[in-house]
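In what follows, a single structure is set out as structure tokens and then discussed.
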Amino acid sequence: MKTALRILFLLCMGYQVLCFGQSSLDPPLVVVDPGHGGTDSGAIGINGAHEKNIVLQVSQEMVRLNRDIYGGVLELYLTRYADTPISLSDRSGLAKALNADAYVSIHCNQAHRKGAQGIEVFVYKGRGRYMEASQQLANAVAKNLNYYLGVKNRGVKAANFQVLRETAQLCPSVLFELGFLSNGKEEEYFSKRTSITAMALVLLETLNTFFDEGNSQ
């Protein structure tokens, strides 16, 4: 992967002006869902990294950056704020209870082939009111992570994941597989704090642009 310095440079040089210049009177509400938690570790890297920890770190960093750099331009809620188990129905249920404007579920991938790498983004396989918007958001995430961070873009795919199925009629909803913990280089990348910040920043900026372009309810 490319170094995270490029995106961090953009953060330092330009994003504060960009983000603070936007209205936060009625910020879009986004439910960010860090996958797994508790006894469910998710994928485990070849050197012992746990998916549940990485995705929580990325999600928490999104909250921090949104508050400290973006000035709360988005209203973010996490489905979990600690290493706790949360049912799939409760994850989608939070989005429903809050009438979310977008739902994003964050994961890491794993494969038998150690050379597998890159990001995969999923949208709901069936029909949904927000399928076009979900596809737009998914494409933007994959494109931006590839452009800014050099993450291989494995494309946008359709799946029948429960959290996507249960939010498809509510709001644009996507599930990200940020990289493969079975790949030693990608696992090492996720171990760096700058990488967590860079990924969180790209996701935030993508969401921000997505809503600026009118892709809301």
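Since every read-out is calculated from the coordinates, none of them should be taken as a lab result. Predicted model, so just to flag it, every value in this text is computed and none were measured. Heads up, the Cβs are rebuilt from the backbone with ideal geometry, glycines too, and the neighbour counts pull from every protein chain shown.
With the structure loaded, tell me whether THR167 is in contact with a Phe, Trp or Tyr (Cβ under 7 Å, 6 or more places away or on another chain) and more than 20 Å from GLN57 (Cα to Cα) or whether it fails that test. Before the answer, list the steps.
Working: in contact with a Phe, Trp or Tyr (Cβ under 7 Å, 6 or more places away or on another chain): yes; more than 20 Å from GLN57 (Cα to Cα): yes.
Here the answer is yes, as THR167 does meet what is asked.
Scanning region 137-162 for residues being within 20 Å of MET199 (Cβ to Cβ) and either in contact (Cβ under 8 Å) with a residue 40 or more places away in the chain or among the acidic types (Asp, Glu) (or both) gives a total of 9.
In region 31-51, which residues are assigned to a strand (DSSP E or B), of a type outside the set (Asp, Glu) and closer than 30 Å to PRO172 by Cβ? Break it down stepwise before answering.
Residues of region 31-51 that are assigned to a strand (DSSP E or B), as a first pass: 31-34, 37, 40, 44, 50.
Among the residues that remain, those that are also of a type outside the set (Asp, Glu) are: 31-32, 34, 37, 44, 50.
Hits for region 31-51 are VAL31, VAL32, PRO34, GLY37, HIS50.
When region 114-136 is examined, which residues are found to be among the charged types (D, E, K, R) and either buried (at least 17 other Cβ atoms within 10 Å of the Cβ) or free of Cβ contacts under 8 Å to residues at least 24 places away in the same chain (or both)? Don't jump to the end; show me each part of the working.
As a first pass, look at region 114-136 and keep what is among the charged types (D, E, K, R): 114, 120, 125, 127, 129, 132.
Selection gives GLU120, GLU132.
Within region 65-77, take every residue that is more than 14 Å from the chain's Cα centre (by Cα) and assigned to a helix (DSSP H, G or I) and give me the one that is farthest from ARG129 (Cα to Cα). This residue is ASP68. Apart from one condition, SER173 fits all of (1) touching a Leu at 6+ places or on another chain (Cβ under 7 Å); (2) among the small types (Gly, Ala, Ser); (3) free of Cβ contacts under 8 Å to residues at least 60 places away in the same chain; the exception is (3). When region 155-176 is limited to residues that are crowded, with 22+ Cβ neighbours inside 10 Å and assigned to a strand (DSSP E or B), the one that is nearest to the chain's Cα centre (by Cα) turns out to be PHE176.
What tally of residues in region 78-109 results from selecting those that are part of a loop (DSSP other than H, G, I, E, B) and either in contact with a Gly (Cβ under 8 Å, 6 or more places away or on another chain) or free of Cβ contacts under 8 Å to residues at least 60 places away in the same chain (or both)?
At the first step, the residues of region 78-109 found to be part of a loop (DSSP other than H, G, I, E, B) are 79-87, 99-101.
Pick out the ones that are also either in contact with a Gly (Cβ under 8 Å, 6 or more places away or on another chain) or free of Cβ contacts under 8 Å to residues at least 60 places away in the same chain (or both) and you get 79-87.
Residues meeting the conditions: 9.
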